[in-house]
Amino acid sequence: MIRLGVFGGSFDPPHLGHLRIAQISCDHLALSRLLWIPTGSPPHKPSSELSASSHRQAMVQLMVKEDPRFEMDLVEINREGPSYTVDTIRLMEAAFPEAELYLIIGEDQLRVFDTWKDPTAIRNSARLTCYKRTQLAEATEEPQEPPIWLPGEPMEFSSTAIRDGIRRGERQSVSLLPAVEAYIKSHDLYLER
């Protein structure tokens, strides 16, 4: 049985925190592969707030080149309507019936996980795996089935803060892969929002 990581997000932009989480997930969970899945139309935020899917796809493609265990899957970008995680997990189950699935989310998403569409079905199909966003991460564990917590210090990277910094004309070299920073600059991303 293979172990498959499912790592979704807006990735607007993907940053070094995402890269670190993906690598730690592969190592800690002994994943055979980790799928980066850029969201299509997220139900919890207006699509108008996102950069074009073509830009997010191009930036994620630069990230997946960093590790042979990484792949990008466009299942959510290619799907019509809202991108619900439960639908993505069901598609992953059908596409990889031999795989043990691990859904990688942040602590902030764990806090609202029960508001997601069909959280029970997600838990029944994939093992929740979380990375810390604060020092209080363990306090969010649910007694009936606590998530797997990834080791390491809380991740302080923020796509929102990166976008705000770019708008102010600040370089983001400490937060972004050089190729991603160059892509953002060459396409003038985040300057108008």
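Quick check, is residue 133 assigned to a loop (DSSP other than H, G, I, E, B), within 21 Å of residue 17 (Cα to Cα) and of a type in the set (Lys, Arg)?
Answer is yes for this residue.
Just a yes or no: is a residue in region 29-38 part of a helix (DSSP H, G or I) and surrounded by 17 or more Cβ atoms within 10 Å (Cβ to Cβ)? Scanning region 29-38, I find at least one residue that is part of a helix (DSSP H, G or I) and surrounded by 17 or more Cβ atoms within 10 Å (Cβ to Cβ), so the answer is yes.
Identify the residue in region 1-18 that is in contact with a strand residue (DSSP E or B) (Cβ under 9 Å, 6 or more places away or on another chain) and assigned to a helix (DSSP H, G or I) and, among all such residues, is farthest from residue 77 (Cα to Cα).
My answer is 17.
Within region 7-19, the set of residues being over 20 Å from residue 115 (Cβ atoms) and either modelled with pLDDT under 95 or in contact with an Asp or Glu (Cβ under 9 Å, 6 or more places away or on another chain) (or both) comprises 12, 13, 17, 19.
Residues in region 167-184 that are in a helix (DSSP H, G or I) and at pLDDT 95 or above: 178, 179, 180, 181, 182, 183, 184.
On the stretch given as region 88-126, residues that are without any contact (Cβ under 8 Å) to a residue 24 or more places away in the chain and surrounded by 17 or more Cβ atoms within 10 Å (Cβ to Cβ) total 3. Only a single criterion out of (1) surrounded by fewer than 18 Cβ atoms within 10 Å (Cβ to Cβ); (2) within 18 Å of residue 152 (Cα to Cα); (3) not hydrophobic (A, V, I, L, M, F, W, C) is not satisfied by residue 129, namely (1).
The values are calculated or read from the model by the stated rules, or taken from the named source; none is laboratory data. A quick note: this is a predicted structure, and the numbers were derived from the prediction, not measured. Every residue, glycine as well, gets a Cβ built from its backbone with ideal geometry; the counts of neighbours run over all protein chains shown.
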